[in-house]
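Notes follow once the structure below has been shown.
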Amino acid sequence: MAQRPATPEDVGPEWARLLRLLPGYDPFRAPGGAWFDAEAAQRAVMFIHECITHVEGALAGEPFLLEDWQRSWVCNLFGWQRKDRKGRIVRRYRETLLYIPRKNGKALALDTPVPTPGGWRLMGDLEAGDAVFDERGLPCRVLEAHPVMHGHDCFRVAFSDGTGIVADAAHLWTVHDRYREGGAQVTITTEEMARTYRTGSRATHVERRYSVPRVAPLVLPDAILPIEPYTLGVWLGDGDSDCARITMGDEDAAEMRAALSAVGCDVGPRNGDDSRAGRYRIGSIGVRGIGGKASLNAALRAAGLLGNKHIPAAYLRASEAQRISLLQGLMDTDGSVSKAGQCEFVSTSEPLFLGCLELIRTLGFKPTAKIDRAKIKGRDCGPRYRIQFWARSDRPVFRLARKAARLKPATPKATRSMTRQVAA
């Protein structure tokens, strides 16, 4: 332990950076014979982390984990030492006065999209009382919307599934840390995470240290929908864009027709004959909330879907059962599953791809997206959009037996598909 006036070189770059975090204060400018004891500073920090907990609010009972500016304050207070007139070693500082501005919140970028029961909203547009979703997929209320903050350091946090978010350097994240026993959770700031999120050598192998848990499926009531969800999914996947007609392979035709009939569809050969194998007309459907039968063609036209295949917004905020049914229709037609149980949806329509990506996320799965080129006999036919995700047999995303049979049983063990790793 040095007992001479300390310099930044004595304590090292990390300690020097931390000790200088308090605005307008540089402990090295006039040390007055004091030196810095890193062990004493670390003991004070660990005492707070291990012995002090939050007493109220959502974090009641959780450890009080210091942010960097708080660590700077504690380490400056307890780490600096000097000798008194009698030669005894005492702390350099015996008292401290700390001013903290009101509404010192943890900001996100104003253009951050936030899912709400009524659709997407921007962070900057939210007001007190607005409903948003929590990590359990349940609607909750915004308690207060603070004024816009300016001049903050910010980071873009990128996740392993390709998503990302721009957050204030002081924003708090509760993440799983693979360096802690059992991957225990820890709450850290964006700035701290940016310094420590990668481990290993860049030249050989880099590990992603932190991950956030997958969000639960959105919890919403049944919606009144103009077209039964499974039927719509089948038409979006294998339907002609200009009318209520679908094309299906002979292998699945009988089972698919039975599945459609089970949800109220009249399915018959095109124009009443079998001259064009695999092409079927969907004549009428049961319309929820109206009763009786109605033309699917009319329903598709009224929903603005003819010549414009996409997933209407109402279906993305329907109940979980309705959203699963829609996904099953899409996956039975344009989906596949590998022997290992990985599911894939493929489309050449960007609007349908984007809607399906959001649909899968609302159901609590972790999709990743890829874009390549569609080719037929070597001829480039434009972009091809692919979505890959893992599903289990307890929540089947298929109704066709041959596809559903490849889904693996649910496992209590946490897998990578249940988390999003902090990638950059």
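If ILE246 satisfies every condition in (1) touching a Lys or Arg at 6+ places or on another chain (Cβ under 9 Å); (2) at pLDDT 90 or above but one, which is the exception?
Result: ILE246 passes all but (2).
Filter segment 292-324 down to residues that are among the small types (Gly, Ala, Ser), under 21 Å from ILE246 (Cα atoms) and open to solvent by 20 Å² or more (accessible area, probe 1.4 Å), then give me how many there are.
The initial filter retains those residues of segment 292-324 that are among the small types (Gly, Ala, Ser), namely 292, 294-295, 298-299, 302-304, 307, 313-314, 318-319, 321.
From the residues that got through so far, the ones that are under 21 Å from ILE246 (Cα atoms) too are 294-295, 298-299, 302-304, 307.
Within this subset, residues satisfying the condition of being open to solvent by 20 Å² or more (accessible area, probe 1.4 Å) are 294-295, 298, 302-304, 307.
The number of residues fulfilling the criteria is 7.
Would you check if there is a residue in segment 35-49 being open to solvent by less than 50 Å² (accessible area, probe 1.4 Å) and of a type in the set (D, E, K, R)?
yes
Go through segment 142-159 and give me each residue that's at positive phi and touching a residue at least 12 places away in the same chain (Cβ under 8 Å). First the steps, then the outcome.
To start, the set of residues in segment 142-159 that are at positive phi comprises 151.
Those that are at positive phi and touching a residue at least 12 places away in the same chain (Cβ under 8 Å): none in segment 142-159.
Return the total of residues in segment 355-382 being modelled with pLDDT of 90 or more and more than 19 Å from the chain's Cα centre (by Cα). Explain how you work it out, then say what you get.
Looking only at segment 355-382, we keep the residues that are modelled with pLDDT of 90 or more, and these are 355-371.
Adding the requirement that they be more than 19 Å from the chain's Cα centre (by Cα) leaves 371.
Within segment 355-382, residues that are modelled with pLDDT of 90 or more and more than 19 Å from the chain's Cα centre (by Cα) number 1.
Please state which one of LEU352, LEU357 is among the aliphatic types (A, V, I, L, M) and farther than 25 Å from ASP134 by Cα.
Values: LEU357 fails: farther than 25 Å from ASP134 by Cα.
Step by step, each of LEU352, LEU357 is checked, and only LEU352 is among the aliphatic types (A, V, I, L, M) and farther than 25 Å from ASP134 by Cα.
Are any residues in segment 68-125 over 22 Å from THR362 (Cβ atoms), out of contact with any helix residue (DSSP H, G or I) (no Cβ under 8 Å at 6 or more places or on another chain) and surrounded by 16 or more Cβ atoms within 10 Å (Cβ to Cβ), and if so, which ones?
Residues of segment 68-125 that are over 22 Å from THR362 (Cβ atoms), as a first pass: 68-107, 109-110, 124.
Narrowing the set further to residues that are out of contact with any helix residue (DSSP H, G or I) (no Cβ under 8 Å at 6 or more places or on another chain) leaves 69-70, 73, 80, 82-90, 92, 94-95, 97, 99-107, 124.
Those that are over 22 Å from THR362 (Cβ atoms), out of contact with any helix residue (DSSP H, G or I) (no Cβ under 8 Å at 6 or more places or on another chain) and surrounded by 16 or more Cβ atoms within 10 Å (Cβ to Cβ): TRP69, GLN70, TRP73, TRP80, ARG82, ARG92, LYS106, ALA107.
Looking at ARG141, ARG156, ARG209, which is the one that is touching a helix residue (DSSP H, G or I) at 6+ places or on another chain (Cβ under 7 Å) and either at pLDDT 90 or above or of a type in the set (S, T, N, Q) (or both)? Outline the logic, then answer.
Numbers: ARG141 fails: touching a helix residue (DSSP H, G or I) at 6+ places or on another chain (Cβ under 7 Å); ARG156 fails: touching a helix residue (DSSP H, G or I) at 6+ places or on another chain (Cβ under 7 Å).
On inspection, the qualifying residue turns out to be ARG209.
Would you check if ILE376 is of a type outside the set (Asp, Glu), free of Cβ contacts under 8 Å to residues at least 40 places away in the same chain and under 22 Å from GLY249 (Cα atoms)?
Working: of a type outside the set (Asp, Glu): yes; free of Cβ contacts under 8 Å to residues at least 40 places away in the same chain: yes; under 22 Å from GLY249 (Cα atoms): yes.
Taking the combined requirement at face value, the residue satisfies it.
Report every pair of residues separated by at least 6 positions or lying on different chains whose Cβ atoms are under 6 Å apart, first residue within segment 208-228 and within 30 Å of VAL186 (Cβ to Cβ), second of a type outside the set (Phe, Trp, Tyr) and open to solvent by 40 Å² or more (accessible area, probe 1.4 Å).
Between residues of segment 208-228 that are within 30 Å of VAL186 (Cβ to Cβ) and residues that are of a type outside the set (Phe, Trp, Tyr) and open to solvent by 40 Å² or more (accessible area, probe 1.4 Å), the close pairs are ARG209/ARG178; SER211/HIS176; ARG214/MET418; VAL215/GLU135; ALA216/ARG136; PRO217/GLU320; VAL219/LEU138.
Looking only at residues that are within 24 Å of ALA401 (Cα to Cα) and in a strand (DSSP E or B) in segment 254-291, which one is modelled with the highest pLDDT?
VAL267
Restricting the first residue to segment 339-358 and requiring it to be without any contact (Cβ under 8 Å) to a residue 24 or more places away in the chain and closer than 22 Å to ALA404 by Cβ, which pairs with a second residue that is in a helix (DSSP H, G or I) and open to solvent by less than 60 Å² (accessible area, probe 1.4 Å) meet a Cβ separation below 8 Å and a spacing of at least six or different chains?
none
Just to be sure I understand, how many residues within segment 18-34 are modelled with pLDDT of 85 or more and open to solvent by less than 70 Å² (accessible area, probe 1.4 Å)?
So in segment 18-34, the residues modelled with pLDDT of 85 or more come out as 18-20, 26-28, 34.
From what's left, open to solvent by less than 70 Å² (accessible area, probe 1.4 Å): 18-19, 26-28, 34.
Selection size over segment 18-34: 6.
Could you identify the single residue in GLY79, GLY61 that is modelled with pLDDT under 85 and under 29 Å from HIS171 (Cβ atoms)? Working first, answer last.
Values: GLY79 fails: modelled with pLDDT under 85.
Only one candidate passes the filter, namely GLY61.
Only one of these conditions is not met by HIS176: (1) of a type outside the set (Phe, Trp, Tyr); (2) loosely packed, with under 13 Cβ neighbours inside 10 Å; (3) not in a loop (DSSP other than H, G, I, E, B). Which number is it?
(2)
Hand me the list of helices (runs of 4 or more DSSP H) wholly inside segment 292-410 holding 3 or more residues that are within 20 Å of ASP238 (Cβ to Cβ).
Of the helices (runs of 4 or more DSSP H) lying wholly inside segment 292-410, those with at least 3 residues that are within 20 Å of ASP238 (Cβ to Cβ) span 296-302, 320-334, 350-362, 401-404.
The values are calculated or read from the model by the stated rules, or taken from the named source; none is laboratory data. Remember, it's a predicted structure, so these values are computed and weren't measured experimentally. All Cβ positions, glycine included, derive from the backbone under ideal geometry; neighbour counts span all protein chains shown. Accessible surface is based on the protein model in full, side chains and every heavy atom, while ligands, DNA and RNA are left aside. Shrake-Rupley method; radii C 1.70, N 1.55, O 1.52, S 1.80 Å.
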